[in-house]
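The values are calculated or read from the model by the stated rules, or taken from the named source; none is laboratory data. Since the model is a prediction, treat every value here as computed from it, not as a measurement. Virtual Cβ from ideal backbone geometry, glycine too; neighbours counted across all protein chains shown.
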């Protein structure tokens with residue numbers, strides 16, 4: 001310790017008639033003639049504050065336990081947004097809300113089963129708002145190039161778009177139509193040009209649905225049960241009482257209907273003519 005005092009003593013020693021320097025710094029000239037401030041070390045580091053280490057420990061513990069409490073609360077309430085990345089832009093974002101439902105709920109008798117008037121009407125109503133309008137800005141924000149997209153020719157501006165879910169519902173409907181092709185496509189010859197067109201279309205549809213299902217990844221738990229009379233049953237049946245998180249479909253449906261341009265909109269088609277009605 002005495003060596004440290006001797007090392008800096010010449011810098012803090014007062015000259016004849018000079019007052020004692022109370023500052024922790026002095027102005028010195030180096031060999032290049034520049035003035036600069038040099039901080040000096042004193043023998044003492046100032047008055048001790050024994051409560052500071054304890055205060056730091058307490059503050060750290062409050063921060064750690066406070067953070068854990070927030071995480072546990074959000075986990076128990078089902079709000080796992082801390083681990084969900086920011087979703088990409090979609091113009092329907094403001095209409096998206098999530099609800100928890102039973103996995104087995106939501107079955108609609110009119111949307112399943114064999115062809116009937118009620119069946120056809122229900123499916124047509126479901127896909128009616130498939131084609132909607134998007135502005136130039138919405139196209140750009142959605143990473144779609146408006147300069148190379150189909151514009152709507154009704155004088156109201158905008159571009160013809162469809163939400164991904166409606167593309168998949170369209171595909172489901174086409175699969176159902178072909179499943180009962182003797183009813184919906186009477187006289188369709190197997191292997192004909194029209195038949196092959198439908199099959200190629202449906203192959204695309206199956207892949208689109210597969211991608212969507214694997215993207216959403218329904219993780220609700222399903223179990224298996226033997227029927228009560230299972231003497232001649234070779235396989236158990238599935239059952240579930242689990243819950244899953246879904247979008248509130250009614251809000252998306254309403255958003256799409258508010259922007260719907262109908263099933264046969266008038267479109268701009270510069271190459272052939274100024275306007276073209278979608279058949």
If we ask which residues in the range 134-150 are more than 20 Å from residue 88 (Cβ to Cβ) and surrounded by 15 or more Cβ atoms within 10 Å (Cβ to Cβ), their number turns out to be 1
Single residue of the range 81-104 satisfying the filter (surrounded by 11 or more Cβ atoms within 10 Å (Cβ to Cβ) and more than 27 Å from residue 258 (Cβ to Cβ)) that is modelled with the highest pLDDT:
102
Any chance the range 216-230 includes a residue that's surrounded by 14 or more Cβ atoms within 10 Å (Cβ to Cβ) and in a helix (DSSP H, G or I)?
no
Anything in the range 231-266 that is exposed (fewer than 11 other Cβ atoms within 10 Å of the Cβ) and under 30 Å from residue 154 (Cα atoms)? List them, or say none.
264
Go through the residues of the range 231-242 one by one and say whether even a single one is in contact (Cβ under 8 Å) with a residue 24 or more places away in the chain, touching a strand residue (DSSP E or B) at 6+ places or on another chain (Cβ under 7 Å) and within 30 Å of residue 92 (Cα to Cα).
no
What do you reckon, is residue 47 touching a helix residue (DSSP H, G or I) at 6+ places or on another chain (Cβ under 8 Å), farther than 30 Å from residue 181 by Cα, outside any helix (DSSP H, G or I) and at pLDDT below 95?
no
Note: among 251, 267, 211, just one is under 22 Å from the mean Cα position of the chain (by Cα), touching a residue at least 60 places away in the same chain (Cβ under 8 Å) and closer than 30 Å to residue 95 by Cα, namely 251
Which condition number in (1) modelled with pLDDT of 70 or more; (2) in a loop (DSSP other than H, G, I, E, B) is the one that residue 110 fails?
(2)
Does residue 133 satisfy the criteria of being in contact (Cβ under 8 Å) with a residue 40 or more places away in the chain and in contact with a strand residue (DSSP E or B) (Cβ under 7 Å, 6 or more places away or on another chain)?
yes
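Out of everything in the range 267-279 that is loosely packed, with under 11 Cβ neighbours inside 10 Å and outside any loop (DSSP other than H, G, I, E, B), what residue ends up being modelled with the highest pLDDT?
277
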Quick check on my filter: what residues within the range 130-171 are closer than 20 Å to residue 268 by Cα and part of a helix (DSSP H, G or I)?
130, 136, 137, 138, 139, 140, 146, 147, 148
Close pairs from the range 105-127: first farther than 17 Å from residue 175 by Cα, partner in a helix (DSSP H, G or I), Cβ under 6 Å, at least 6 apart
118/110
Which numbered condition trips up residue 74, out of (1) surrounded by 11 or more Cβ atoms within 10 Å (Cβ to Cβ); (2) modelled with pLDDT of 70 or more?
(2)
Is there a residue being outside any loop (DSSP other than H, G, I, E, B), touching a residue at least 60 places away in the same chain (Cβ under 8 Å), farther than 24 Å from residue 262 by Cα and in contact with a helix residue (DSSP H, G or I) (Cβ under 9 Å, 6 or more places away or on another chain) anywhere in the range 182-190?
yes
Would you point out which residue out of 91, 115 is on the phi < 0 side of the Ramachandran plot and within 25 Å of the chain's Cα centre (by Cα)?
91
